[in-house]
Amino acid sequence: MRVKTLIVDDDPILCRLLASQLAALDVGDVRSHVRGREALVQVARGEAEVGLIFADLRMPELDGIEFVRELARFGYRGSLILMSGEDPRILHSAERLARAHGLRVLGSLSKPTTPAGLRAVLDRHVSGMAASQASFRTFYSEELRRAIAAGALVNHYQPTVSLTTGAVVGVESLVRWNHPERGLVYPDEFVPLAEQSGLIDELTQAVLRTALDDARRWFDAGYALQIAVNVSMDNLVALDFPEMVMEELAASGVPPERLVLEVTESRLMQNSVVVLDILARLRLRRITLSIDDFGTGHSSLVQLRDLPFNELKIDRGFVHGACEDEGLRAIVEANQRLARSLGLRTVAEGVETRAEWELLRSCGCDFAQGWFVSSPMPGHELPEWFEDWEIRRPRLLEPLAEAVD
């Protein structure tokens, strides 16, 4: 991973230590600054594009929070890793702030950094670093409309497994745009456009149709999986939405019980009466309803009280780091207790380590998704992955001290 890198830390000894660790990982041209303003000058000049910055939060003259704010003001397009010896909750808050500023945050590290911790944060987000160096391009609604009509949207699938038995219970469909110039474009670059331009119904129907057709093929091959499809609140404004879903189910031959609709609140719910009408009719038809990213957007206890969900997804932002952060762990445990008291099953997203897997098992969470289980993959790769998972699965049910994974 060769990339121009800046280390911003007022401790020259720690700068040298980190530079040495990065050199061992072949990160590339590494330069250090003990003052944040000097680093900002280099970024602002743009003499050589900086692809990666390590920034300490506690610095004299210009602290890490101010540094993040200035990076955003300059329009910094590279990646950022925050470091601190402070309370982990401060580090987590700084991460959230940097993302709110629109910066690409690869993660955070507690000081002093270790080679293992450094390798983990770089390896885990290497694909994100590649994306951060790609040229950004604005898409237009007519271009997206043509892509949907031409079948240029493709589904990748991420498995969901039982934390109790390790069995594969289903997959979540994740749409990609197979763009002729950009290659695979991820949904955060075009789903908001679909919502804003009135194309979200066409997009959702295309994703649903492909997912159900794939689910039918897997069933015929001996894999009886639930198939999860994301729907926007913008889908839930037309009273005939349940009829469209049932027509697609009938055409595919997939039983309604095998479909999960994950409701993602990227935009505020405008008409709660219509939404309640639609979701209630979907549940009457035996379709599972999942509230996605609970507690991160507009979702609230009111939705759990009023809307007929039977699954709660615990957001990756709470799961990742919960083993080290007592605050995150408390949120995960509280979500689990809340779901259990309401009779909802739980799915933990973003499970990336064996320690997180064990924590969620101890909390009583039902299912897990994340790179520890599998990254998303094209549908044709699933059968081979199933075979590999069955070999790996028994080790994950052993006590951690006895297992080698």
Translational diffusion of the stretch 150-303, µm² s⁻¹ [Kirkwood Rh, Cα pairs; Stokes-Einstein; 10 °C; 1.306 mPa s]: 98
How long is the gain from Glu257 to Val121 if the chain were fully straight, where each residue apart is worth 0.36 nm and the alpha carbon distance is subtracted? 45.1 nm
In debye to the nearest 20, how big a dipole does the stretch 198-277 give about its Cα centre with +1 on each Lys and Arg Cβ and -1 on each Asp and Glu Cβ? 240
Plugging the Cβ-Cβ distance of Ala44 and Gln196 into 1/(1 + (r/R0)^6) at R0 = 30 Å yields, to the nearest 0.05, a FRET efficiency of 0.40
Inter-label distance for Glu61 and Glu390, nm, one decimal - labels placed 7 Å from Cα along Cα-to-Cβ: 6.3
Pairing the Cα long axis of helix 36-45 with the longest principal axis of the chain, what angle in degrees results, from 0 to 90 and rounded to the nearest 10? 70
Hey, could you pull the Cα Rg and Dmax for the stretch 170-211, both in Å? 10.8, 32
So how do Cys363, Cys15, Cys323 rank on accessible area, 1.4 Å probe, biggest first, that is with the largest at the start? Cys323, Cys363, Cys15
Indicate, rounded to the nearest 5 percent, the antiparallel portion of the DSSP beta bridges found entirely in the chain. 30
Environment charge at Cys15 (Cβ cut-off 10 Å; Lys +1, Arg +1, Asp -1, Glu -1): -2
What residues of the stretch 48-63 lie in the reach of a label at Ser93, counting those whose backbone N is under 16 Å from a point 7 Å from the Cα along Cα→Cβ? 57-59, 63
Mind giving me the nanometre distance, one decimal, between the label points for Glu86 and Leu284, set 7 Å out from Cα along Cα→Cβ? 5.4
What length, rounded to one decimal in nm, is gained on full extension from Arg354 through to Thr165, with 0.36 nm per residue of separation minus their alpha-carbon distance? 66.5 nm
Would you be so kind as to identify which of Ala322, Phe54, Asn310 lies farthest towards the positive end of the dipole of the chain, taking Lys and Arg as +1 and Asp and Glu as -1 on Cβ and the Cα centre as origin? Phe54
Which percent of the accessible heavy-atom area of the stretch 332-392 goes to carbon and sulfur, probe 1.4 angstrom? 53
Please return the longest range in the chain lying between exposed loop sites, taking GluC sites (Glu not before Pro), DSSP loop only, at most 15 other beta-carbon atoms within 10 Å, and leaving the sites out. 182-323
Expressed per residue, the solvent accessible area of the chain in Å² (1.4 Å probe) is about 47
Determine the relative contact order of the chain: mean sequence separation of Cα pairs under 8 Å and six or more apart, normalised by residue count, in whole percent. 11
Among Thr164, Thr210, Thr264, which one shows the highest mean-square fluctuation when the chain is modelled as a Gaussian network with alpha-carbon springs under 10 Å? Thr164
222 nm mean residue ellipticity, helices alone, for the chain (DSSP H n ≥ 4; -39,500 (n - 2.57); rounded to 500): -13500 deg cm²/dmol
Highest GNM mean-square fluctuation among Pro180, Pro159, Pro192, for the chain with Cα springs under 10 Å, belongs to Pro180
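The values are calculated or read from the model by the stated rules, or taken from the named source; none is laboratory data. This one's a predicted model, so the numbers in the text were calculated from it and none came from an experiment. Don't worry about glycine lacking a Cβ; one is built from the backbone with ideal geometry, like all the others, and counts go over all protein chains shown. When the accessible area is computed, the model is the full protein with side chains, heavy atoms only, and any ligands, DNA or RNA have been set aside. Shrake-Rupley method; radii C 1.70, N 1.55, O 1.52, S 1.80 Å.
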